[in-house]
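First the structure, in the form of structure tokens, and then the observations on it.
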Amino acid sequence: MKETRKLKAVIFDLDGVITDTAEYHYQAWKATATELGIPFTREFNENLKGVSRMDSLKLLLSQAETPVNYSDEELVQLADRKNKLYVELIETITPADLLPGVTEFVADIRSAGLKTGIASASKNAIAVLTRLRVMDQFDVIVDVTKLKNNKPDPEIFLTAAAELGVEPADCIGVEDAASGVDAIKGADMFAVAIGNAAHFPHADVVLSSTAELNFRELAQKFEG
Ligand code: BG6
Ligand code: MG
């Protein structure tokens, strides 16, 4: 950890942090699992948060009582099928779907002169941010298709910091997935987790919901 840190940017995960698309990912995977006759619970779904589309599919298929060997082409078809369901679900998104506290938190960060970024593993991130009408609230949206490594690798958060022109140690990362918190900590950033504290042993701060996001309080905790 750098000795003198100065808060310069806040980098957000999208799904489950800015809006509740984590629920839509769950519903689309649940429908896919049901079609395939594979048991799929909300508890198991926690393992899929922050995980790429194809890796999520492979995790889901690992739950089959009788494992099936799918060809690469079949795997792509199954992932496409899930994505089609997901894309249908996000068509209904409006600015009213911003999670509680998010609009004010982002506004406070920006009016304090800090930068904001999005570090989402989703290839649908731009579509979701556009529907929420918040594209102009973020200085950088990392293009996940250009990355080599998935969360928990820190690459996505390091890329966001580099594109924002700030040092990783001067950033707060906000996540709702354990893999995402590990990516933030791997990037030497201050990690704020949203959700059940039991899921986030490595976070610096855990908030039970986005409604608790408070810029002044977090900035104080960051400065230590
Ligand atoms: C992450 C979600 O943000 O994006 C995962 O937490 C999802 O659940 C991943 O699998 C990839 O999203 P997409 O939209 O590219 O399938
Ligand atoms: Mg998330």
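The values are calculated or read from the model by the stated rules, or taken from the named source; none is laboratory data. On a predicted model such as this, the values are computed, not experimentally measured, just so you know. Don't worry about glycine lacking a Cβ; one is built from the backbone with ideal geometry, like all the others, and counts go over all protein chains shown. Just the protein is used for accessible areas: all its heavy atoms, side chains included, with ligands, DNA and RNA removed. Shrake-Rupley method; radii C 1.70, N 1.55, O 1.52, S 1.80 Å.
Hey, among the residues in region 193-223 that are of a type in the set (Ser, Thr, Tyr) and part of a loop (DSSP other than H, G, I, E, B), which one's farthest from the chain's Cα centre (by Cα)?
Checking each candidate, the answer is 208.
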Of residues in region 137-155 being charged (D, E, K, R) and open to solvent by 50 Å² or more (accessible area, probe 1.4 Å), the one farthest from ligand 1 (Cβ to nearest atom): 139
Which listed residue is farther than 29 Å from residue 39 by Cα and not in a helix (DSSP H, G or I), from 103, 66, 116: 116
Residues (among the hydrophobic types (A, V, I, L, M, F, W, C) and open to solvent by 30 Å² or more (accessible area, probe 1.4 Å)) located in region 156-173: 158, 162
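Does residue 10 qualify as being within 11 Å of ligand 1 (Cβ to nearest atom), closer than 26 Å to residue 146 by Cβ, within 21 Å of the chain's Cα centre (by Cα) and surrounded by 11 or more Cβ atoms within 10 Å (Cβ to Cβ)? Reasoning before the result, please.
Details: within 11 Å of ligand 1 (Cβ to nearest atom): no; closer than 26 Å to residue 146 by Cβ: yes; within 21 Å of the chain's Cα centre (by Cα): yes; surrounded by 11 or more Cβ atoms within 10 Å (Cβ to Cβ): yes.
In short, no.
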Residue under evaluation residue 126, criteria (1) aliphatic (A, V, I, L, M); (2) surrounded by 23 or more Cβ atoms within 10 Å (Cβ to Cβ); (3) under 26 Å from residue 111 (Cβ atoms); (4) under 15 Å from the mean Cα position of the chain (by Cα), criterion not met: (2)
Any hit, region 197-220, residues being on the phi > 0 side of the Ramachandran plot and open to solvent by 40 Å² or more (accessible area, probe 1.4 Å): no
